[in-house]
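Taking it in order: structure first as structure tokens, then the write-up.
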Amino acid sequence: GIGSVAVLAILLFCPLEVFDFFLAKSQKIVRVKYEVPEFVPTDFVAQNEIEEESFELYKKARIVDPDDVYDSHDKVAWTDFNIRKYINAGRVTNKKDAYKTAAFNQLVSDDIPMNRNIPDTRLGACPSVEYPKEGLPTTSIIITFHNELRSTLLRTIISVIRKTPANILKEIVLVDDASSDPDVGMELIKIEKVKLIVNRERQGLIRARIRAVMVATGDTLTFLDSHVEVNKNWIQPLMQRIQQNPKIVVAPIIDVINKDTFSYIGADAFLTGGVSWAMVFRWDWLTQGATSTMDHTKGLRSPTIAGGLFSISKSWFHELGEYDDQMDIWGGENIEFSFRVWQCGGEMEILPCSRVGHVFRDEHPYDFGKKGSNNVFVKNNNRFVHTWMDEYTDFYYGTRPNAKSIEPGDLSVREHFKEKLQCKGFKWYLETVYPRQYIPERDSVAWGHAKRGAHCLNVFPVKSSKAGVYGQLGAANCNQGINNPSYQDMDKQQVVLKKFTGLFKQPVQMKDGRYVNKCFGTADTTPTNGAKVILADCVSNASAREANSHQRWNYIGTNIKLEDYPHFCLDGSDLGSFRIRTCTGSDDQQILFEMLNV
Ligand code: UD2
Ligand code: MN
């Protein structure tokens, strides 16, 4: 009939590429068969305190339709993959578009070989360590991506295949999180060991990772971002450590791939993961004493991880409840995971013999939906703050008062895991895992950076300082708060958190890395007009009230006044050295507080 003539005509005039396309879709691609995992713990259903709706969402995030999982019949070694064709299909030609897709330089990235050499950045005894050739656990590499560049994604995959012993590398599970060009992921399933899950709708990296884990079959899971290059012998230390301790989460040192030039730079080996009270991840520098004696072949206990690159045993990841499936797009899951691992019986380490380079960028190139990025981060954070931080939530909200207006949503599923695993409280975490974290005082009157005009109050060193004196008060350009490396130098310390109905305090980092409160006051116990304000050991006022009247202050209006000498105000007319002077109401005596990154 007319129908079959039409089909014949279409077939005859069909360009070759279209044939290729049909062949690819109908013959070469196989949907991967896999067993739907036992993802519902048997005691789970019985728990009636779990909200029905949350439980449905929990299940939905963990069921992967086998139709969304792709693999290929005729796989090739990466060396036989048509790299040029793959990269050329997505090239940009002008400078204006170079940063458009990924917020890093595509013009440079596309021309860098997929198997380029990168410097071996390992330090100390690492290069001479011999790892067992057999018997280490296998791993599933998990890489989720949304609109990643072809070149960075392919370089990630090829570096993994080249640098990971074949008997450890079980598979590479890619998740295309609803990228606008489906071929970017689909074409990669031709490469040995690569599988692909396609998210029909954007899930965000957290749910995308959960889905990947559901189809992964390795003994361990190794998560990577979609723009990394792994370094020599990167996987062995991670696998070896998990073999020794199945409840440990291990991360490499994250080297830096420059977003403009793509040069590979070794990162500082003396950092551990930390977190600010605003729940922003930060790096904490090890103290001088620790770095001089450091054995690079040993793991560094880390209170948190950056989030993108780490390995964990697959069964431990499941037992822990994977991730919170109600966190969207990006952010917070790494801090949540860190608290959960430590509080629920696990450990975290950075292994300095394992190095992986990552392209750091300044902004997110992708959108966060109609709620906007800030609402997404804050909601993600609020969820875990409520689950894990007990009464310490106050310090989070003290630092981020606006976060209070965003509802965390139902937390019953997360509470279930907390109960099941009999997890410890946040006080335990702070005392045992993160003792160097500064703990503000509950009755602080004001929080944040103390500012005089545009300048921040700052502690400067004093020449020939006496024992028990830590500096003098002044003001300088504001740094980024505790997150800034210079914060750790005594001479740059800025006044961040304080209590001052009564004592006006500033944490000082001691030789062992801990912060201890010291008090601002005059050197002389009887303050006189024009006396300098110094930071010194606090004088207890248990004995006599007068004993510390040179250290006891009030914050009244915008003035900081000595309580027993209310006619004296803190005066910043000399930026290098604040003094007490008769209150005049001048701008030099106005001190305001502003939250920077605390
Ligand atoms: C860091 C982590 C990242 C994650 C994040 C907090 C490192 C090196 N990176 O941010 O892994 O823990 O902090 O959430 O520690 N992606 C999706 N779907 C999305 C958005 C992103 O699959 O909707 C992918 C993205 O393509 C990338 C990965 O998730 O492979 C991480 O995103 P990123 O590179 O923008 O995050 P980054 O490095 O700023
Ligand atoms: Mn990244």
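In segment 237-248, the qualifying residues are those that are out of contact with any helix residue (DSSP H, G or I) (no Cβ under 7 Å at 6 or more places or on another chain) and touching a residue at least 24 places away in the same chain (Cβ under 8 Å), and the one that is nearest to ligand 2 (Cβ to nearest atom) is L238.
The sole residue among F368, F360, F377 that is within 16 Å of ligand 2 (Cβ to nearest atom), open to solvent by 10 Å² or more (accessible area, probe 1.4 Å) and in contact with a helix residue (DSSP H, G or I) (Cβ under 8 Å, 6 or more places away or on another chain) is F368. The conditions of being closer than 30 Å to V215 by Cα and outside any loop (DSSP other than H, G, I, E, B) are not met by T101. Can you tell me which residues in segment 193-215 are in a strand (DSSP E or B) and buried (at least 22 other Cβ atoms within 10 Å of the Cβ)? Correct list: V194, K195, L196, I197.
The residues of segment 422-436 that are outside any loop (DSSP other than H, G, I, E, B) and touching a strand residue (DSSP E or B) at 6+ places or on another chain (Cβ under 8 Å) amount to a single one, V433.
Taken as a whole, the structure places D74 among residues that are at pLDDT below 90 and open to solvent by less than 80 Å² (accessible area, probe 1.4 Å).
Listed by position, the helices (runs of 4 or more DSSP H) inside segment 272-360 whose residues that are within 24 Å of D512 (Cα to Cα) number at least 1 are 288-292, 333-343.
Restricting attention to segment 410-421, which residues are touching a residue at least 24 places away in the same chain (Cβ under 8 Å) and either surrounded by fewer than 16 Cβ atoms within 10 Å (Cβ to Cβ) or in a helix (DSSP H, G or I) (or both)? Matches in segment 410-421: S412, V413, R414, E415, H416, F417, K418, K420. What pairs come up if the first residue lies in segment 423-441 and is of a type in the set (S, T, Y), the second is part of a helix (DSSP H, G or I), and their beta carbons are under 6 Å apart, counting only those six or more places apart or on different chains? Between residues of segment 423-441 that are of a type in the set (S, T, Y) and residues that are part of a helix (DSSP H, G or I), the close pairs are Y429/W342; Y429/Q343. Within segment 319-338, the presence of a residue that is small (G, A, S), away from ligand 2 (no atom under 16 Å from the Cβ), open to solvent by 10 Å² or more (accessible area, probe 1.4 Å) and at pLDDT 95 or above is excluded. Within segment 216-236, the set of residues being open to solvent by 10 Å² or more (accessible area, probe 1.4 Å) and either away from ligand 2 (no atom under 16 Å from the Cβ) or assigned to a helix (DSSP H, G or I) (or both) comprises T217, D219, K232, N233, Q236. Scanning segment 299-321 for residues that are more than 14 Å from ligand 1 (Cβ to nearest atom) and either closer than 27 Å to H416 by Cβ or free of Cβ contacts under 8 Å to residues at least 12 places away in the same chain (or both) gives P303, S313, K314, S315, W316, F317, H318, E319, L320, G321. Taking the conditions exactly as written (closer than 30 Å to D295 by Cβ and crowded, with 21+ Cβ neighbours inside 10 Å), does R355 satisfy them or not? In short, yes. Consider segment 262-303 and keep the residues that are touching a Pro at 6+ places or on another chain (Cβ under 7 Å) and among the aromatic types (F, W, Y). The one that is most open to solvent (accessible area, probe 1.4 Å) is W285. The residue list F395, F384 contains one member that is at pLDDT below 95 and within 13 Å of A278 (Cα to Cα), which is F395. One residue stands out among those in segment 154-192 that are without any contact (Cβ under 8 Å) to a residue 60 or more places away in the chain and in a loop (DSSP other than H, G, I, E, B): the one that is farthest from D367 (Cα to Cα), which is N167. The set of residues from segment 503-526 being touching a strand residue (DSSP E or B) at 6+ places or on another chain (Cβ under 8 Å) and open to solvent by 10 Å² or more (accessible area, probe 1.4 Å) comprises L503, K505, Q509, M510, Y515, V516, N517, K518, A523. You will find that of R207, R200, the residue that is under 26 Å from P365 (Cα atoms), more than 16 Å from ligand 2 (Cβ to nearest atom) and over 20 Å from the mean Cα position of the chain (by Cα) is R200 and no other.
Please find, within segment 161-179, the residue that is nearest to ligand 2 (Cβ to nearest atom) out of those that are over 26 Å from the mean Cα position of the chain (by Cα) and over 15 Å from D71 (Cβ atoms). Restricting to residues being over 26 Å from the mean Cα position of the chain (by Cα) and over 15 Å from D71 (Cβ atoms), the top hit is R162.
The values are calculated or read from the model by the stated rules, or taken from the named source; none is laboratory data. Predicted, not measured: the structure shown is a model, and the values here were computed from it. Cβ: placed from backbone, ideal geometry, glycine included. Neighbour counts: every protein chain shown. Heavy atoms of the whole protein, side chains included, go into the accessibility calculation; ligands, DNA and RNA do not. Shrake-Rupley method; radii C 1.70, N 1.55, O 1.52, S 1.80 Å.
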